[in-house]
1. Can you pull out the residues in segment 93-116 that are aliphatic (A, V, I, L, M) and over 16 Å from Lys141 (Cβ atoms)?
2. Select from segment 118-146 the residues that are among the β-branched types (Val, Ile, Thr) and modelled with pLDDT of 95 or more and write down the one among them that is nearest to Ile16 (Cα to Cα).
3. If you take the residues of segment 101-144 that are in contact with a Leu (Cβ under 8 Å, 6 or more places away or on another chain) and in a helix (DSSP H, G or I), which of them is surrounded by the fewest Cβ atoms within 10 Å (Cβ to Cβ)?
4. Just to verify a result, which residue in segment 19-64, among those that are aromatic (Phe, Trp, Tyr) and not in a loop (DSSP other than H, G, I, E, B), is surrounded by the fewest Cβ atoms within 10 Å (Cβ to Cβ)?
5. Can you find, within segment 84-95, the residue that is surrounded by the most Cβ atoms within 10 Å (Cβ to Cβ) among those that are in contact with a Ser or Thr (Cβ under 9 Å, 6 or more places away or on another chain) and not hydroxyl-bearing (Ser, Thr, Tyr)?
Amino acid sequence: MSIENKNAAITPTELIDYAKQAMKKAYCPYSGYKVGAALLTKDGRVFTGCNIENASFTPTVCAERTAFFKAISEGNTDFSAIAIVGGKDGVISGVFPPCGVCRQVMSEFCDPRTFKVYLGTETDEYKSLTLAELLPYGFSKSNVNI
């Protein structure tokens, strides 16, 4: 889902609500862990994603990467924040941080000092971090000699 929201700023709580909606669409017959993500572009669009599992596991795609790849495939590469929620059988029970691969994808497209990551909970409480806090010493374009 892509949501246009150019008239008002989206709060972290609203972004987390979009992630909760996306979590309901997860395809996770093997692990039972449903994850939803809502990615906010700097121009106010929101791209949602859910995890999509596969019987051989390697082709499984996380919710965060689904949201990023949807946005990028539609020409959006300027991001400001992402909200992530998850839990067994779709029941949120505490924060659900992104895996290392998703953190690496974020580092490809986001400024680690300013990109916000909101980890939602079952209540209106959430944890707010920068990408730099989640991925210290991340590998980035500056590490590639081309």
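The values are calculated or read from the model by the stated rules, or taken from the named source; none is laboratory data. These numbers come from a predicted model, not from an experiment. Note: ideal-geometry Cβ built from the backbone for every residue, glycine included; neighbour counts use all protein chains shown.
1. Here is the first cut: in segment 93-116, the ones aliphatic (A, V, I, L, M) are 95, 101, 105-106.
Within segment 93-116, Val95, Val101 qualify.
2. Per the criteria, the residue is Thr121.
3. Selected residue: Gln104.
4. Tyr27
5. So, considering only residues that are in contact with a Ser or Thr (Cβ under 9 Å, 6 or more places away or on another chain) and not hydroxyl-bearing (Ser, Thr, Tyr), the one surrounded by the most Cβ atoms within 10 Å (Cβ to Cβ) is Val85.
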